[in-house]
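The values are calculated or read from the model by the stated rules, or taken from the named source; none is laboratory data. Note that the structure is a prediction, hence the values are computed from the model and not measured. Virtual Cβ from ideal backbone geometry, glycine too; neighbours counted across all protein chains shown. For the accessible areas, the whole protein counts, side chains as well, though only heavy atoms, and no ligand, DNA or RNA atoms are used. Shrake-Rupley method; radii C 1.70, N 1.55, O 1.52, S 1.80 Å.
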Amino acid sequence: MKTRFNTYDIVCIVTELQKLIGMRVNQIYDIDNRTYLIRLQRTEEKVVLLLESGNRLHTTAFEWPKNVAPSGFTMKLRKHLKNKRLESLTQVGCDRIVNLQFGTGEAAYHVILELYDRGNVLLCDYEMTILNVLRPHAEGEEVRFVVREKYPLQRAKQNTGPISEAAIREGIENAQAGTALRNVLNPLLNCGPSVIDHVLLKRDLLACKVRGKKAEEGEQPAETGKKRKQKQKDTAKYGSKEFSLDSDMTNLMEAVVEAQEMMEKASSAPSKGFVIQKEEKRPTQSGEEESFFVNVEYHPFPFQQFNDRPCKEFESFDASVDEFHSTLEGQKIDLKAMQQERDAMKKLTNVRTDHAKRLEELTKNQLVDRDRAELITRNQELVDKAIYVIQSALANQLAWPEIQEMVKTAQAEQNPVALIIKQLKLEVNSISLQLSDPYSNLEEDSDEEDNDDEDRERLEPMVVDVDLCLSAFANARKYYDQKRIAARKEQKTIESSGKALKSAERRTHQTLKEVKTMTNISKARKVYWFEKFYWFISSENYLVIGGRDQQQNEMIVKRYMRPTDIYVHAEIQGASSVVIRNPSGNEVPPKTLLEAGTMAISYSVAWDAKVVTSAYWVKSDQVSKTAPTGEYLGTGSFMIRGKKNFLPPCQLVLGMSFMFRLEDSSVERHRGERRVRQFGEDDDGSLSRQTSVDTEKLSTVSEEVEIDLEKDDDENGKSSSDSDDESGVKYPDTHVKIDHDTGRVTLKSDALMERLTSIEEKPENTIYLGDDKPYIIPADPRPSKKKQQKKKGKEPIIEEQPESKTQSDEEDSRGDGKLGQMKRGQKGKLKKMKKYKDQDEDERKQRMEILKSDGRGAKEKKKKAQEEELKKFNRRNVAARKPREPVEGEELDETPAAADVDMLDFLTGAPVEEDELLFAVPVIAPYQTLHNYKFKVKLTPGTGRRGKASKMAVMIFQKDKNCTNREKDLLRSVKEEMIARNIPGKVKLSAPQLQKFKK
């Protein structure tokens, strides 16, 4: 398979790429340590130029996967070539070296691409001084390819014009005898082996070998196995003959002239492209073979040596090279699948062959046993005599050698009984007799009166083993019994083999189907840009990404974090820098913040140490890489300005699941399944039932309880509270507190809670996001506790506690058993409420002034001071954040903001039967995020290995009775390492009926 440019290819590609002259460098990327992409643009035209050291140079329309972090060589290229114009693209002499010049004058820089041997890429300045080199090395003492050395352009092969006949004649005469003519011309013409083969084949000179001079002993070069194999192949295809300088020289010079004309034409006008293919056969489920074509070589000319091969034509040579290399990975997948299919068909063929062989052997054994029994029967008298003779000798206690000698003596005397004894097997108590058909030599009676003789089958002579313990008749019966046993065995074999064949065919067809499915999935699989990080999609459809190491942490913040995004981190060693992508710019819901905090804590030392701690979040403009004076920030470290908003302690509970890529027609069916849910909204979109304080039932379907305090004005004729009428507030804000242990619900007015609730005891499921505004986190639905409470004989108690009444609290303070036990600190609060229940706001302020305390005013002043400080910081950093140019070595995320959400809508964790699924993507996320996913297992810190846990999880998913065949295929196609790489560390896997799967 051809993967490297020759001289003719370089001339053609350089001619075609002249269209890029004048375009500017926009960005440079690296695919691997020897392949680089240069993105060029001009007005509305954009082109990506691909350079591979030692192999190729062409433009590409294929989306190549770029390295996560640019290499040092890439950074050097970016530094010197960014925004420079491509001024020239030339071949150095007639060598396999290309010189790309960017910029002019003293600002010019040269990229030297060597396309021979191991290859090399060098960056030089306008004086050809090497600034950076991909592969530093030295050639002798004078030529050194290292930084600050001059690149030796003069060492390249130079074009000296048309070669003379004398030079070619001299080369042929000095070549070793038996050398192929093509190998002699290759170093002389500098036009590539393909062109030489083409012009020689047209004149029937390709098979010629030169007479030359005889090589002395030790001068013959070693011939590799590959060259020897190619030589044998060429000899078989083209033959072999000796080149004559007298008769063949004229034809050879015509071929040389044609080769030089082809080179001149290639340097003057662009060439078309041709991809040479090879036809392969692959088995199908029907047992037949289908053809598919594999790309083998690419060329800029339809050479004659490939006339008998299938060929695919392109408008340009550049396009053919791009197509060849871009489909190379898919072609490898096809070839691997084809090998698996061949192995499956080979197994089926082996089963069939073994089945036929066993049946044939059983049939043959039956025929042999029957013939043996017949021969014993027809020679019954002789057989009995032979058995009797040996038995008598043994009865007389003769030694075995003496018996052997006795038999030989009798055979010498032509004793008919002794003559049929072939071998004595006294160790197994048997003898071998040479028996023949006594009726084979008899002629048939002319009157044919004896019908038995007429119908009797004539048997071939055969050596038959007979048991000395049995008579001739008993020995014959034994062989007949063996024949019947073999016949029954044959019948059973036919029946069982038929089932085995059907099973093998079914398995083979299933294997062929799976291989084809895996091939299609592998080709359709798209690797998303965020998969190189830790990632998940929150339950409210926000993309959350985190760094795997310090380098990725810095990349996420500098390259992927936008001004509207949220930064989440934790003050614990190894915590990941987490960014919540927020393209809409709206306020990020608390539930997503909590899930992102769980991610930051889980990917830290807290996982192995099993430590529960809190994360915090800040806005993107609070994150800076600028360190305070005299300090230094290492890789992945950042300075947080302003207030940190701490989240509740995060539990170390993750989940493993799969998301499925939907086909376009199935996207609308799942739109909105991950959305921000309002307070009291269930997963199905409906609101939970409102419960009046007068009712006796309480819905405990979810942790979100909404209490309706409104009473019917028509029936009562007045408001529920006189104080409400005076204040003008009919329905005061209330805070609902739920005691999950007792099912108790307490309502308290918001104003009173602000005055009396301490910072240490915040309401459950509430987050304060920095503005002293409580946000209720909608919790996931849990199984109802109503049945459990009924069993205990207790009904949940609803207690209403408006600002003007404290009766319920007094009952609570007395320790009423129906209300349950009070929490710590609650008794003191109740005393304060009773003491200051009649105190208004003015009286409170006066008392606070007397105590020389600003009270709430101090908090407000402190808050204003923090806001002013944050505004000053924002003004200092606004130029760097919205918008900003990337600093040197930094690449900003160019994905449109709306594309983030649109991309996420194509992924679902809850597929239905009507969906058309393309591929599966493994995801590790906080367990509460996976509430609605079809497949999920729980992960907690433990001692299990990540690979084993991921393998077990996939097996559990595939064994699920609700898992469709398509989903099983998609799950099977995911590599184990793709799942395990996102698991934090040692893990414990939890799932229903896990022990059954382990067994």
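Residues that are out of contact with any Asp or Glu (no Cβ under 6 Å at 6 or more places or on another chain) and closer than 30 Å to residue 171 by Cβ number at least 3 in the following strands (runs of 3 or more DSSP E) confined to region 246-324: 289-299.
Taken over region 412-425, the criterion of being loosely packed, with under 15 Cβ neighbours inside 10 Å and assigned to a helix (DSSP H, G or I) is satisfied by 412, 416.
Entry remark, region 120-162: residues being of a type in the set (Phe, Trp, Tyr) and open to solvent by 80 Å² or more (accessible area, probe 1.4 Å) number 1 in total.
Residue 213 meets all of the listed conditions (1) in contact (Cβ under 8 Å) with a residue 12 or more places away in the chain; (2) more than 22 Å from residue 299 (Cα to Cα); (3) surrounded by 13 or more Cβ atoms within 10 Å (Cβ to Cβ) but one, namely (3).
Conditions (1) within 14 Å of residue 656 (Cα to Cα); (2) modelled with pLDDT under 85; (3) touching an Asp or Glu at 6+ places or on another chain (Cβ under 8 Å); (4) open to solvent by 30 Å² or more (accessible area, probe 1.4 Å), marked per residue:
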residue	(1), (2), (3), (4)
924	yes, no, no, no
960	no, no, no, yes
971	yes, no, no, no
977	yes, yes, no, yes
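Restricting attention to region 654-688 and to residues that are of a type in the set (Gly, Ala, Ser), under 18 Å from residue 909 (Cβ atoms) and exposed (fewer than 15 other Cβ atoms within 10 Å of the Cβ), the residue that is modelled with the highest pLDDT turns out to be 672. Entry remark, region 620-641: residues being open to solvent by 20 Å² or more (accessible area, probe 1.4 Å) and touching a Ser or Thr at 6+ places or on another chain (Cβ under 9 Å) number 7 in total. Just so you know, in region 358-385 the residues that are in contact with a Leu (Cβ under 6 Å, 6 or more places away or on another chain) and closer than 13 Å to residue 433 by Cβ include one that is least open to solvent (accessible area, probe 1.4 Å), and it is 375. The number of residues in region 893-922 that are modelled with pLDDT of 85 or more, open to solvent by less than 30 Å² (accessible area, probe 1.4 Å) and not small (Gly, Ala, Ser) comes to 10. Of 608, 565, all but one fail to be of a type in the set (Asp, Glu), in contact (Cβ under 8 Å) with a residue 12 or more places away in the chain and open to solvent by 30 Å² or more (accessible area, probe 1.4 Å); the exception is 608.
Residue count for region 454-483, restricted to those that are over 17 Å from residue 436 (Cα atoms), surrounded by 12 or more Cβ atoms within 10 Å (Cβ to Cβ) and either at pLDDT below 90 or not small (Gly, Ala, Ser) (or both): 9. Taking the conditions exactly as written (farther than 22 Å from residue 276 by Cβ, of a type in the set (Asp, Glu) and over 33 Å from the mean Cα position of the chain (by Cα)), does residue 16 satisfy them or not? Against the criterion (farther than 22 Å from residue 276 by Cβ, of a type in the set (Asp, Glu) and over 33 Å from the mean Cα position of the chain (by Cα)), residue 16 does not qualify. The single condition from (1) farther than 22 Å from residue 4 by Cβ; (2) in contact with a helix residue (DSSP H, G or I) (Cβ under 7 Å, 6 or more places away or on another chain) that residue 115 fails is (1). Taking residue 356, is it modelled with pLDDT under 90, more than 30 Å from residue 295 (Cβ to Cβ) and of a type in the set (Gly, Ala, Ser)? Yes; evaluated as a whole, the condition is true for this residue. When region 1-35 is limited to residues that are assigned to a strand (DSSP E or B) and polar (S, T, N, Q), the one that is most open to solvent (accessible area, probe 1.4 Å) turns out to be 26.
In contact with a Cys (Cβ under 9 Å, 6 or more places away or on another chain) and either closer than 16 Å to residue 644 by Cα or at pLDDT 90 or above (or both) - does that describe any residue in region 569-584? Yes: one or more hits.
In a residue-by-residue description of region 648-670, the property of being part of a helix (DSSP H, G or I), over 26 Å from the mean Cα position of the chain (by Cα) and not β-branched (Val, Ile, Thr) applies to at least one position. Scanning region 36-86 for residues being open to solvent by less than 60 Å² (accessible area, probe 1.4 Å), in a loop (DSSP other than H, G, I, E, B) and within 16 Å of residue 323 (Cα to Cα) gives a total of 3. Where helices (runs of 4 or more DSSP H) sit wholly within region 524-611, those with at least 2 residues that are under 16 Å from residue 924 (Cα atoms) occupy 590-602. Residue 135 satisfies every condition listed in (1) within 30 Å of residue 261 (Cβ to Cβ); (2) in a loop (DSSP other than H, G, I, E, B) except (1).
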